[in-house]
1. May I ask you to rank B:51, B:406 by accessible area, largest first, using a 1.4 Å probe over the protein chains only?
2. Could you pull out every residue, at least 5 positions away or on a different chain, whose amide H is within less than 5 Å of the one on residue A:458? Hs are placed 1.01 Å off N in the peptide plane, and Pro or chain starts have none.
3. What translational D, rounded to a whole number of µm²/s, comes out for the stretch A:1-97 from Stokes-Einstein when the hydrodynamic radius is the Kirkwood one over Cα pairs, at 37 °C and 0.692 mPa s?
4. Which whole number in µm²/s is D for the stretch A:434-482 by Stokes-Einstein, with the Kirkwood Rh taken over Cα pairs at 37 °C and 0.692 mPa s?
5. So for the protein assembly as shown, what are the equivalent ellipsoid semi-axes in whole Å, largest first, each being the square root of 5 times an eigenvalue of the Cα gyration tensor?
6. Considering the alpha-carbon set of the stretch B:37-78 alone, what are its Rg and its Dmax in angstrom?
7. Take the alpha-carbon positions of chain A, form their convex hull, and give its projected area averaged over all directions (one quarter of the hull surface) in nm².
8. What do you reckon, how do A:528, A:228 stack up by accessible area (1.4 Å probe), largest on top?
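The values are calculated or read from the model by the stated rules, or taken from the named source; none is laboratory data. The structure displayed is predicted, hence computed values, not measured ones. Please note: Cβ atoms are built from the backbone with ideal geometry, for glycine as well, and neighbour counts cover all protein chains shown. Surface areas here come from the heavy atoms of the whole protein model, side chains and all, with no ligands, DNA or RNA. Shrake-Rupley method; radii C 1.70, N 1.55, O 1.52, S 1.80 Å.
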Amino acid sequence: MDHPTHFDVIVIGGGHAGTEAALAAARMGCATLLLTHSVDTLGQMSCNPAIGGIGKSHLVREIDALGGAMAKATDQAGIQFRVLNSRKGPAVRATRAQADRVLYRNAIRSIIEAQSGLQVFQQAVDDLIIENGAVQGVVTQTGLRFRAPRVILTTGTFLGGQMHIGLTKSAGGRAGDPPSNTLAARLRELPLRVERLKTGTPPRLDARSIDLASLETQWGDEPRPVMSFLGDPDQHPDQRCCWVAYTNQHTHDIIREGLDRSPLYTGVIEGEGPRYCPSIEDKIQRFADKTSHQVFVEPEGLTTNELYPNGISTSLPFDVQMALVRSIQGFENAHITRPGYAIEYDFFDPRDLRSSLETRAIGGLYFAGQINGTTGYEEAAAQGLLAGINAALAIREEAPWCPRRDEAYLGVLVDDLITLGTKEPYRMFTSRAEHRLLLREDNADLRLTEQGRKLGLVDDERWAQFSEKRELIEQEQKRLLRSFVHPGSPAANSLNAKLSKPLSREYSYAELLKRPELEYADISALDSLGISNPQAALQVSIQAKYAGYIDRQQDEIDRVRRYEGLTLPSDMDYLQVSGLSNEVRDKLIAQQPETLGRASRIPGVTPAAISLLLVHMKRRQGKSAKTLDSQVPEAPKVQQQIH
Amino acid sequence: MSLLVGDSDTITAIATGPGAGGVGIIRLSGPKAFSVAQAVTGVTAKARQAHYVQIHDRHGDVLDQGLLLQFPGPHSFTGEDVAELHCHGGPVLLRTVLRECIHLGARQAAPGEFSQRAFLNNKIDLVQAEAIADLISSSTEAAARSASRSLSGAFSTQVDALLEQLIRLRVFIEAAIDFPEEEIDFIAESDVLERLESIEASIDSLLAGARRGRTLRDGLKLVIAGAPNAGKSSLLNQLAEQDSAIVTDIPGTTRDVLREYVQIDGLPLHIVDTAGLRDSADAIEQEGIRRARTEMQSADHILLVIDSSQINNTKDSTTLIAAYKGDLPPAVPITLIRNKCDLSETPAFIDRDKDVTEISLSARSGDGIALLRQHLLSAAGMSDSDSSDFSARERHVLALEDCAHHLRQGLFQLKQHGAAELIAEDLRYAQDSLGSITGSFSSDELLGEIFSSFCIGK
């Protein structure tokens, strides 16, 4: 039967991508349906119980700046908070939280239930309704048909999911959940490139069977950081510690002896696994001279005894898993509550997507999350948010939106995926961002919240708080430029104690703040007129101290801006572009880049080829047509004072 | 980093063909074309009028005299503001002027880039477009061919070795940033400071080699210095007159500096004769001496001339040179010329065994000049004996200088205990600079290096 309600946007999947997608579309005023095979696992953390970390927390803060749910839920569920890289500079500083799985799920579910315009329905989806090359709705397992002109697929590892424990295979999307095989088969009929990836999890342990007293403890940081710009440590539940254990030579011997029954080393697993998150058997094979590996023992939550031993992901047979776990000091009597396993799943080549995350082949169909070859809750949530935004923009008949590489890690993520594709599960790292110094965790709101407000994602409370902060920063920056310290004055004398060379002339506060020896607190103490909002004070300080580097990155951005905004027509015939090498031509035909900037980042496409494309586009337009230049955006300078 | 560059910037290039010609043209196009031209000439030119100008460097010293023409956009070849500096054609001089333009904010143009801009601004019709496309692809090919030629052998090996060192260092620093929870303290274990200093030393020696190699193509700036009346001008005349390939003869733009452009067996020489070095109370002479010192700073080679009839000939070169210690820049190679050997009744000879090569000659009679010519050829890397130099192109030298600049910046950050992310940033820029010689290196390749070097991940 046809469901009587007509929706604007349907989201398939209730994981981190699906929930953010559904929330974003609904916040933007679309009648939205979230379809999941289980309402009880909305917002489930399938892998390790943690949110954030290097590069990832940057994404979480961007999601938050755009009104998303992940940071808020983390502040309600986090049982240990730390700041990584605290001494390596503000741009690479990253917040990481251990999260209670149950509290996290509950937080996400209550945000979903509180969202007007968003309906949830429990049933697996088996098919898409596609008419004239465009999606028109979905069909559930029981034949129920939901109609909508925009459909977002966020099926995670469920498409053709196959789990491995030793040489035993079973079908599943996650331990305890069935795969989506019918849908997978249906999707394989679409003109989209499909490949397989692999990921894995460690065995889970019962805390009561572990000698925790013999392990190193690791507590969170004080003062305790928060994830959301609106967060407060008072929201956090009770805090817990993690522990660190170590594998030893005996552990490694056990693993080596079990390799003949490893699906990884006997060729049973074909999908490519991540290089940065190898299974323990991989680590021991590839780095044979290492005698020990760390195992971070993470609590799964406040109300459970289960522990997540992060670092020993494995697909070895269960008897080997038991032996290897029990060889670790402190784990001698360990009881495994769930075996570790590897999972292989379908993903779609993200090069078949537009920057809106809409597929090129099927109008109205969007992909977000692991289906695009990424890994990680944060990467998934960020894509979900973007797909939700663009589905809603399409409903409003507005142009799609995607941040540029110099505006957000979300922009880096999408640009990397759709121009380079991926061979392994794609994870964010700060080294992927060439504009790293601009894309900081601390300024995600200044980069994105105004845009979020325009899109209709940011509510009044967030907007008011943000506007106040931005105003404070601007006022304070002006004040620092106008205020001076005179040599010989008491203020100068108080500063001289900290300076390597005493002040010899008049300096503005702004100049002084650039000195490495001085902090914002030193300057604001001069006349106690400084601002007390710590977030705003941090911005003032970073922007002053990093001004030279930030200006240099800005120059780099301005230089390429022209090409970034230059759209390549979708009917571009690359065979007609004279002078292109066959190799370059093939790549351009295969990828159909949306802009000249994106074309320039396709490996093998040379600067000369870009020149040829420019010349060709000009010819194509002829003399009478509108000039190329009218297409080029004005290159508005990114507002320096807020970056 | 993308190699793409938008049209918002100002490009410059030597518009005339390579080698020595009567006149050489430096062309500038883009928003800063006029301000750069004004900065090197001091003249605010009228549109489409030829102005007779002096071209000077950033210190205010005159390099050449020539013509400046300005064509405001859109009525210009490229459709943008275009300035042309018509100079005397010596390659060394043109290179010097080009560098001044780059120093002032212009960028060296890519092959075919002026034509490309002309086309994009509707200055060339559709029929000509085909030719432009051909030009871009063929000039790129030509550049690639010559690049691969110049990248063969020693230069390529050394650049690769440098790149390898730089990547190793970046692997440690980026791993420390992206994987702080690993047990290894990547930064502490890698002796970052030591590695960075060693890379800096490598690039300095590479640059020295590249600069020497560049003289093969572009020639050598030779400065003749010494006490008054040591015979410097005679030596200049001797080198110039004996060669039939004198290109131009510009009278001194100041009282005290004379320039000649000559070729010795195909090696272009830009010879500068300077005022005699001595303590003087005369204001004009002091100015001449100051200019002599400036010229020596930018020399590829200095001929220090002494009058051998006026000194005790048993004095060794170290003692003789020591007298000029305050004037001679430390990094520039020197040849000691014992002039007037006819008067001191010593034979012409060359002695390469000392710290500084000595040549005994007579600029007046011409005796020993052949030895000097041969010596100059070998100093420019044009003899077989010196195979460690390489034929680097100007853009290679610029890229290496850029790289060295970022490395120094990174070293400074490191010594200031700057944040790891800032050191990482400088090293990234340093590698990007090398990338214009070696090809680009993506962030994914860097991650690949990290994963193959360390056991990372949980």
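1. So, going from the largest accessible area down, we get B:51, B:406.
2. A:453
3. Value of D from the Cα-based Kirkwood radius: 218 µm²/s.
4. On the way: Rh = 12.1 Å.
Answer, rounded: 272 µm²/s.
5. Three semi-axes, in Å: 62, 34, 30.
6. 11.2, 33
7. Value for chain A: 32.8 nm².
8. The ordering from most to least exposed comes out as A:528, A:228.
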